[in-house]
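Written below as structure tokens is the structure these notes are about.
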Amino acid sequence: MTDHVVILGGGTGGTVLANDLADRLETELATDKVRVTLLNDDPDHVYKPVWLYVPFGQREPEDGRRPLADLVDDSVDVRIDRVTDIDTDTRQLRTRRGPAIEYDYLVLATGSTLAPAEISGLAEGGHDYYSESGAKTLREELLSFTGGELVLSVIGSPHMCPAAPLEFVFMADDWFRERGLRDDVEITYTYPIQRVHGNPHIAEWARPLMDDRDINVETFFNAEAVDPEAETITSMEGTELDYDLLVSIPPHRGVDLIEEADLGDNGWVDVDKHTLEADHADRVYAIGDAADTGVPKAGSVAHYQAGVLAQRLASEVRGRPATATYDGKTLCFIETGMDAASFVEFDYEQPPSPAPPSQKLHWSKLAYNESYWLTARGLL
Ligand SMILES: Cc1cc2nc3c(=O)[nH]c(=O)nc-3n(C[C@H](O)[C@H](O)[C@H](O)COP(=O)(O)OP(=O)(O)OC[C@H]3O[C@@H](n4cnc5c(N)ncnc54)[C@H](O)[C@@H]3O)c2cc1C
């Protein structure tokens, strides 16, 4: 009998997992003891961290795209199709174009989606760099912005890369200074809770940097509505801010089919945070943004979780007990300007302790981004 492992989502988590399984199960794949299928709705693999640099003219959106088929081992069946339904009772997926796909093991690596429509006026009045098209448009806006109120509003949590909003305001501060415009630009950062970041250790580190850089902070600001005509954003707490340029981190959701399959709320799969097994279905797992583990929605997390799950699945296929567990490991470089960055590494037990910002860490982040394409292939 051939076991069929189906990975849904060819982003960071799904691609790293597919290549790791190809390596671990080389013999089983060659002897048809197992098949691995990777399903993605886009022929390209998209590396989202590039988008942070697009508004500042440092990278092009195309730098974050490569054909998925070029990144994945030949022993994996890569299919470009959109999954429209998951039936965990019959262990079947339905897709937009092809016949139903049966699985023995299903991994959900479907990532995050943006839901700007949840905030009235946001789609019309706000810009973002959390999408490829948003990052491109924001570059035009920033280039023509020579003075006024720039508001960066983090709307809701969780969202991808919790450090990226801080990175954006630190980079914008530097960017306007380099252009001699900083005195003409007010930068305001809003955050939904009573500090500037979800993690108290990172918040405590970031706040003095923001004060030093004259970045205004509005905490307890849960955006309720944007008025594109009046150019205001208001919060549920009753605060109204004027803006000339609004940059938002829109509300995030997982994909609808997860909720439709009763695997979790808002598109996030309820999982055991150590084994990554779904709470509400057998032989279903989730990694990366889709998995509700409580750790940041970050590519590094997707990567580490993929490694753990590859070990577990290889054990399952071989009929051995699966022992590998995910310890919450998260790694993150945090840009603190155009040429300096900090770095944090933490897990379920150890809190983050941000490193002093340095140019070396900034170059390390850029090097990490470049080497990503090798990492995704499993070569690093
Ligand atoms: C601006 C920005 C900066 C970031 N910077 C960093 C950083 O510096 N460091 C870091 O670690 N992380 C960073 N991240 C976060 C990181 O990009 C994500 O956490 C990571 O991509 C999550 O990987 P994933 O595999 O879970 O999902 P994704 O990479 O989003 O992949 C999900 C895939 O599933 C596919 N899919 C979804 N639904 C279906 C369906 N129904 N059928 C078929 N295919 C489907 C999607 O098309 C997509 O290809 C950043 C994100 C942003 C937006």
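Only a single criterion out of (1) over 13 Å from residue 13 (Cβ atoms); (2) hydroxyl-bearing (Ser, Thr, Tyr); (3) more than 16 Å from the chain's Cα centre (by Cα) is not satisfied by residue 326, namely (1).
Within region 287-308, residues that are touching a residue at least 60 places away in the same chain (Cβ under 8 Å) and within 15 Å of residue 163 (Cβ to Cβ) sit with their Cβ atoms under 6 Å from residues that are near the ligand (Cβ under 6 Å from one of its atoms) and assigned to a helix (DSSP H, G or I), at 6+ positions apart or across chains, in these pairs: 297/289; 299/12.
Here is the figure for region 227-261: residues that are touching a residue at least 40 places away in the same chain (Cβ under 8 Å) and under 30 Å from residue 323 (Cα atoms) total 5. What number of residues in region 337-352 are out of contact with any Cys (no Cβ under 8 Å at 6 or more places or on another chain) and closer than 28 Å to residue 179 by Cβ? The total comes to 6. Annotation note: Cβ proximity below 7 Å between a residue of region 27-47 that is touching a residue at least 24 places away in the same chain (Cβ under 8 Å) and farther than 18 Å from residue 104 by Cβ and a residue that is assigned to a strand (DSSP E or B) and more than 10 Å from the ligand (Cβ to nearest atom) (sequence gap 6+ or interchain) occurs for 43/67; 44/65; 44/66; 44/67; 45/66; 46/65. When you check residue 142 against the structure, is it in a strand (DSSP E or B) and assigned by TED's automatic domain parsing to the domain that holds residue 212, yes or no? So residue 142 does not fit the description; no. Say whether the condition of being within 25 Å of residue 298 (Cβ to Cβ), within 16 Å of the ligand (Cβ to nearest atom) and not in a helix (DSSP H, G or I) is met by at least one residue in region 31-38. So far as region 31-38 goes, yes, one or more of its residues are within 25 Å of residue 298 (Cβ to Cβ), within 16 Å of the ligand (Cβ to nearest atom) and not in a helix (DSSP H, G or I). Only one entry of 297, 273 meets the criterion of being surrounded by fewer than 19 Cβ atoms within 10 Å (Cβ to Cβ), within 16 Å of the ligand (Cβ to nearest atom) and under 18 Å from the mean Cα position of the chain (by Cα), and that entry is 273.
Applying the condition of being of a type outside the set (A, V, I, L, M) and crowded, with 24+ Cβ neighbours inside 10 Å to region 278-292 and asking which residue is nearest to the ligand (Cβ to nearest atom) yields 288.
Contact map, region 95-112: first residue without any contact (Cβ under 8 Å) to a residue 12 or more places away in the chain, second residue within 11 Å of the ligand (Cβ to nearest atom) and basic (Lys, Arg), Cβ cut-off under 8 Å, separation 6 or more or different chains; pairs are 100/94. Residues in region 154-183 that are assigned to a helix (DSSP H, G or I) and in contact with a helix residue (DSSP H, G or I) (Cβ under 8 Å, 6 or more places away or on another chain): 164, 166, 167, 168, 169, 170, 171, 172, 173, 175, 176, 182. Among the residues making up region 45-73, a single one is within 8 Å of the ligand (Cβ to nearest atom) and charged (D, E, K, R): 48. On the stretch given as region 239-266, residues that are within 11 Å of the ligand (Cβ to nearest atom), in a loop (DSSP other than H, G, I, E, B) and surrounded by 24 or more Cβ atoms within 10 Å (Cβ to Cβ) total 2.
Here residue 184 passes the criteria (1) surrounded by 14 or more Cβ atoms within 10 Å (Cβ to Cβ); (2) more than 16 Å from the ligand (Cβ to nearest atom); (3) more than 30 Å from residue 356 (Cβ to Cβ) except the one numbered (1).
Scan (1) in contact with a helix residue (DSSP H, G or I) (Cβ under 8 Å, 6 or more places away or on another chain); (2) closer than 21 Å to residue 291 by Cα for the single condition residue 341 breaks and write down its number. It is condition (2) that residue 341 fails. Within region 15-30, the set of residues being within 16 Å of the ligand (Cβ to nearest atom) and not aliphatic (A, V, I, L, M) comprises 15, 19, 20.
From the residues in region 301-336 that are away from the ligand (no atom under 12 Å from the Cβ) and β-branched (Val, Ile, Thr), which one is nearest to residue 50 (Cα to Cα)? It comes out as 336. Hey, does region 325-345 have a residue that's buried (at least 16 other Cβ atoms within 10 Å of the Cβ), under 22 Å from residue 20 (Cα atoms) and of a type in the set (Val, Ile, Thr)? The answer is yes; a qualifying residue exists. If you go through region 267-301 and pick out every residue that is part of a strand (DSSP E or B) and in contact with a Ser or Thr (Cβ under 7 Å, 6 or more places away or on another chain), you end up with 3.
The values are calculated or read from the model by the stated rules, or taken from the named source; none is laboratory data. Since the model is a prediction, treat every value here as computed from it, not as a measurement. Please note: Cβ atoms are built from the backbone with ideal geometry, for glycine as well, and neighbour counts cover all protein chains shown.
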